[in-house]
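Rule-based calculations on the coordinates, nothing more; no lab input. Not measured: the values here are computed from a predicted model. Please note: Cβ atoms are built from the backbone with ideal geometry, for glycine as well, and neighbour counts cover all protein chains shown.
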């Protein structure tokens, strides 16, 4: 509580008083004692503020004008946040520093998250605009308040809780307008009904064939029959609804990277766009999310309710999930920084007392034990652990690592570790194989329950452990055999190209991009050829291009045309 | 009721420790330093007990009220 | 394995801005030089050098905190107090001005740190005229723009209030030593000089006064504690009491766990070896 500045003034005042009294120096004694009394008066006033003012501070936060505990918003869209701080007892004194703790998931667009009061007031507020970098769950924990005396001798920090949870849904663009490449229909079909190039009872002509006994007389094409001198029957197309099922990979390897640049962010945005487009066209849309160990399905349906249900499922897939992380000093230091920001009142040594041991701790280990014990206290309080588990946290590295990872994820600041992953379980061949196995199983079950003529779009990473996808061959052939369409989308970074301007040398990032594309070009080509030989289309593209390709494929599917060799 | 009993007991122990300190001062005035030291040690122990009792009582009341408010009235 | 390029987003906070090392050395040198000179015998220093040193001290006010100024003035009063005489009006006024200067300097430094306005004239004009925002603070932990909301801050009223406080504090500080009488026969009775006894008595008096204020305030603050710190303190007390026993239990649990893991590994190796041995027979 006493700052370095206060200490620097206290000790000269004390020594000055002592020396002045010892040497009968009246002036020195008077000066030093005055400074000492001045410090004491500041301390007394500061203590009264701590006791009466600080507990009475109330915080209210509104997001887009709403103050509910949880709300829903879309990734990438602007949020207007306003924080009102009110002193229910007394007033907010000068030199109070108030900061709204914003998780890294939100990017501040304008305004400020911090304010300093220079005069006393009953109320203060701050407002800022921000947008979320990614879909998922975002938690605004509260406000950090730092009070100090006007001279900077005493300071105290508190974290006032004001928890609000944001469910951030992946955003979707309006449907891309693609020039039609098929002839116009003779008549407008019913909303949600599409042409199928198979014999049926539709209104579009499919083909002319010879008359067979049993054909209805009204279907005989008399003019053609007269020309050919034999009876010919008109065969019409079928008109069927097309159900679109989107399969999205939801494994741990898709969560590597910083906010907004993870694979799962790209997957969820693409899936959201596809589902929105399909529902807008009147087609039922479904969602399947598959991971390393399981898969789950969000049943197909129509309308806005289905859209929001699928968007929520995608948002849940994008949220952080703590993985197993071994204890390390870096992880501990990272967690300590988070606790210093979010929970300074729980780290206070007057409440978080370190258990003493019989033998003194070595100097080198004292700091580590000190930090670890205090962190254990905070974790026990936050996660509701028992006293015995506090001791276990101090001495069991695995248990501590697990809870530290959970602490960092709950605070919205995962520890990325050395590999850039929030889990120590680096994606292995076995994990990728099990992911594809789950995909195959989910496809098989979906095909088994499917009606005719469904459209399956699988969004996953095909280039990582490319040999693992061979398990999909029988399923793809099964889907094709039942007249379903199946397509794969693998998002890749767009080739940036070397700097076109001759004056500027190419950057390291652009060189690495080009090298990656050259290295994987052959792999992509082989993979494309293999999947197409099985009957599936595949697209390796960045977000914008893949979206337009997928939407054009959907449009073609709706018109009943087959994609003759062009592919995605 | 039990909270108040513990609170009063804690403050009573603090008062007792102050009385024992006054005894130690009287020992010092009579130049009985060793007796004063022993009595002072006892006074500090009693003071620590009293403060601990008051603090435990206060903290227990706060956490119990918090638990009740979180879980709702029974 | 495909490599996707992504930017690592650092989640660590920036440290407080610190002065560069060279600047710190210069600052310390500026402070120590006049201090060293003041401690030496001033009589053989010519008046010119004394003026120069005074100028250095005044220039240093731009950078110094109140503590350094206090130390320098204390050293001056210590050196200037021989032979020991009583205080006259001039001395009292000088001490009053010193205390007032320390107060104003401390507040200015604190305001500069919080608002980020380095120039004193800008700070004074901002406080008198009233501005709606200030430049971002260059010190202190912040990762976003700091905007100081300064209303009409009346500097004149503040100075008068500080002057009043200085007078009151000076009056109390002047009366305190009068309350401690010089004990007669102190050397014979206690083996200490009278001033030594008075120093100890003053120290005890101040300590007792601080204790009488600090203990009730601490208890009052304790009673207004929030639920979360209360839970942490309660758990920490129990952990402190039973720590040795629970540590022994935990260590034993881990030892048994390690033993069972090793036994399982040995059993797995033995089982694998049996399979390897039996496979040729099975093939046949």
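Summary table
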| quantity | calculated |
| --- | --- |
| Burial ordering of A:449, C:235, fewest other beta-carbon atoms within 10 Å first | A:449, C:235 |
| Taking A:147, B:21 and counting other C-beta atoms within 10 Å, the order from fewest to most | B:21, A:147 |
| Three principal axis lengths of the stretch A:329-410 [C-alpha, angstrom, descending] | 36, 24, 23 |
| More than 16 Å apart - percent of Cα-Cα pairs taken over the stretch C:233-273 | 56 percent |
| Fewest-first sequence of C:242, C:78 by Cβ atoms within 10 Å of each Cβ | C:242, C:78 |
| For the stretch A:194-240: rounded, prolate or oblate by the Cα gyration tensor [a/c cutoff 1.5] | prolate |
| Packing rank of A:506-518, A:370-382, where each peptide gets the mean count of other beta carbons within 10 Å, highest leading | A:370-382, A:506-518 |
| Helix B:33-71 axis, angle to chain B major axis (alpha carbon atoms, nearest 10°) | 10 degrees |
| The stretch A:4-52, relative contact order in percent, only Cα pairs under 8 angstrom and at least six apart counted | 31 percent |
| Inter-chain shielding of C:158-166 (mean C-beta neighbours from other protein chains, 10 Å cut-off) | 1 |
| Contact order normalised by residue count of the stretch A:329-410, Cα under 8 Å, 6+ apart, percent | 36 percent |
| For the stretch B:2-65: rounded, prolate or oblate by the Cα gyration tensor [a/c cutoff 1.5] | prolate |
| Peptides C:248-257, A:327-336, A:300-309 ordered by average Cβ neighbours within 10 Å, highest first | A:327-336, A:300-309, C:248-257 |
| Peptide-level mean, for A:345-352, of C-beta atoms on other protein chains within 10 Å | 5 |
| Packing-based order for A:258-271, B:39-52, using average beta carbon neighbours within 10 Å, highest first | A:258-271, B:39-52 |
| Rounded, prolate or oblate (a/c below 1.5 giving rounded, otherwise prolate when a/b exceeds b/c) for the stretch A:4-52 by Cα gyration tensor | prolate |
| Between 0 and 90°, nearest 10: helix B:2-29 axis offset from chain B longest Cα axis | 10 degrees |
| For residues of C:65-78, the mean tally of beta carbons on other chains within 10 Å | 6 |
